[in-house]
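For reference, the structure is listed below as structure tokens.
The values are calculated or read from the model by the stated rules, or taken from the named source; none is laboratory data. Bear in mind that the values here come from a model prediction, so they are computed numbers and not experimental data. Here the Cβ positions follow ideal geometry from the backbone for every residue, glycine too, while neighbour counts run over all protein chains shown.
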Amino acid sequence: MIVRALRAFGRFWWEFLVGDTPELLGAALAIVVLAVLLRHQRDVAYVVLPLTAIVVLVASTIRGTKRSAGSEQTVEEDA
Amino acid sequence: MNTTSTTVLILAVFGASLVEMVEALTIVVAAGVTRGWRSALEGALAAVVVLTVLVAAVGVPLIHYIPIDALRVVVGTLLLVLGLSWLRKSILRSSGHKPQHDENAIFAATTAELTQGASGSRRDGVGFAVAFKGVFLEGTEVVLIVVSLGASQHRLGIAAAAAGGAVLIVGVVGALVATQLSRVPENTIKTVVGVMLTSFGLFWVGEGAGVHWPGSDLAILALVGLFLLVTRGMVWTLRTWRPPVTPRALVEVDG
């Protein structure tokens, strides 16, 4: 029972943090590193931190459109 | 902490709770209709009690024992992952690249599944379990948001109250118009909450690491505006320049 609960707990965090978009976790960690590195150059940080988030969001979303196009194509091929 | 961040906190928690609880209510109503209301309501109530205990058990020690800057970096990272993920999903849905979430379809699928082997007795283990699981799983994300936002601003009570308010409203409205759940503009709410979570996440990561944003808490509003613009721009761009292979798919049942 406890093992099952721990497994479910681990699965929840894996799905939540990684799931099918590991790039988002990578981006969040990269932003943390950038924030630490740029804490004394605030003017740069004000631009770089949001820009990093936007670039990753755009890239990940475009990857999502390719994946959805691929799955639709597969369905059509199967049919 | 000024009223700007408190207002954004309340709106973010309330919106996130609203979306997740609409999804949970669909499952509870399906369990109630097919397996009996008593078991479904008991299951839902038990899940709410467990989630409330989780907020108190995890949130209160976080506030008292973890250094605030470290807490803000960790919380900011979690909010960034969650916010970017919600934004990505809502952009794909709005641009037609991912099926819309359809509560009617989920209700029909769950009802059909639960009708098989319905016992008809007053206490039903399946009905209890399905309702508990539905509320608990959807509520876990709400707990995460309540604890993260509440703890990082030392506003756990306000965050919990905002989530409680959303649960109450969804419960009352759901009881009155259970069949109208599909009219809730879920993707719009998810977009707005995704923008808020991403903005909060970026703000707290910066603050925790020592980057103090210009205008202090007002920077959150600037970030919200920026991410709203980016989201709208991406939806427009994807619709115009990268339309889906087939028109907007029908519904999504499992996500």
Of the residues in region B:80-94, how many are within 14 Å of the chain's Cα centre (by Cα), more than 8 Å from chain A (Cβ to nearest Cβ) and of a type in the set (Ser, Thr, Tyr)? 1
Condition test on B:Arg88, is it out of contact with any strand residue (DSSP E or B) (no Cβ under 6 Å at 6 or more places or on another chain), over 17 Å from B:Phe203 (Cβ atoms), modelled with pLDDT under 75 and of a type outside the set (Val, Ile, Thr)? no
Just a yes or no: is a residue in region B:63-79 in a helix (DSSP H, G or I), among the charged types (D, E, K, R) and either under 18 Å from the mean Cα position of the chain (by Cα) or within 19 Å of B:Gly150 (Cβ to Cβ) (or both)? yes
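For (1) at pLDDT 85 or above; (2) buried (at least 24 other Cβ atoms within 10 Å of the Cβ), each residue gets a yes or a no:
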position: B:Arg35; (1), (2): no, yes
position: B:Gly59; (1), (2): no, no
position: B:Leu71; (1), (2): no, no
position: B:Gly83; (1), (2): yes, yes
Has region B:167-185 got any residue that is aliphatic (A, V, I, L, M), assigned to a loop (DSSP other than H, G, I, E, B), at pLDDT 85 or above and surrounded by 14 or more Cβ atoms within 10 Å (Cβ to Cβ)? no
Can you find, within region A:4-38, the residue that is farthest from the chain's Cα centre (by Cα) among those that are surrounded by 15 or more Cβ atoms within 10 Å (Cβ to Cβ) and either at positive phi or not in a helix (DSSP H, G or I) (or both)? A:Leu38
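Take region A:39-53 and flag every residue that is at the interface with chain B (Cβ under 7 Å from one of its Cβ atoms) and either among the basic types (Lys, Arg) or surrounded by fewer than 20 Cβ atoms within 10 Å (Cβ to Cβ) (or both). Working first, answer last.
If we filter region A:39-53 for residues that are at the interface with chain B (Cβ under 7 Å from one of its Cβ atoms), which is where we start, we get A:39, A:42, A:45-46, A:49-50, A:53.
A:Arg39, A:Arg42, A:Tyr46 - these are the residues of region A:39-53 that are at the interface with chain B (Cβ under 7 Å from one of its Cβ atoms) and either among the basic types (Lys, Arg) or surrounded by fewer than 20 Cβ atoms within 10 Å (Cβ to Cβ) (or both).
Examine region B:109-128 for a residue that is at pLDDT 85 or above, among the hydrophobic types (A, V, I, L, M, F, W, C) and part of a helix (DSSP H, G or I), and state whether such a residue exists.
Yes.
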Could you check how many residues of region B:213-243 are over 21 Å from the mean Cα position of the chain (by Cα), surrounded by fewer than 18 Cβ atoms within 10 Å (Cβ to Cβ) and either over 17 Å from A:Leu51 (Cα atoms) or touching a residue at least 60 places away in the same chain (Cβ under 8 Å) (or both)? 10
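From the list B:Glu42, B:Glu20, which residue is in contact with a helix residue (DSSP H, G or I) (Cβ under 9 Å, 6 or more places away or on another chain), surrounded by fewer than 21 Cβ atoms within 10 Å (Cβ to Cβ) and either part of a helix (DSSP H, G or I) or touching a residue at least 12 places away in the same chain (Cβ under 8 Å) (or both)?
B:Glu42
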All positions within region B:181-231 that are away from chain A (no Cβ under 13 Å), out of contact with any helix residue (DSSP H, G or I) (no Cβ under 9 Å at 6 or more places or on another chain) and more than 30 Å from B:Phe107 (Cβ to Cβ): none
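Which residue out of B:Val49, B:Val53, B:Val75 is in contact (Cβ under 8 Å) with a residue 12 or more places away in the chain and among the hydrophobic types (A, V, I, L, M, F, W, C)? Break it down into steps so the answer makes sense when it comes.
Values: B:Val49 fails: in contact (Cβ under 8 Å) with a residue 12 or more places away in the chain; B:Val53 fails: in contact (Cβ under 8 Å) with a residue 12 or more places away in the chain.
Just one listed residue meets the conditions, B:Val75.
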What number goes with the only condition from (1) out of contact with any strand residue (DSSP E or B) (no Cβ under 8 Å at 6 or more places or on another chain); (2) assigned to a helix (DSSP H, G or I); (3) touching a residue at least 40 places away in the same chain (Cβ under 8 Å) that B:His97 does not pass? (2)
Would you be able to say whether some residue in region B:52-71 is within 14 Å of another protein chain (Cβ to nearest Cβ) and closer than 21 Å to A:Leu24 by Cα? yes
From the set of residues in region A:57-78 that are within 19 Å of B:Ser85 (Cα to Cα) and more than 7 Å from chain B (Cβ to nearest Cβ), which is modelled with the lowest pLDDT? A:Arg67
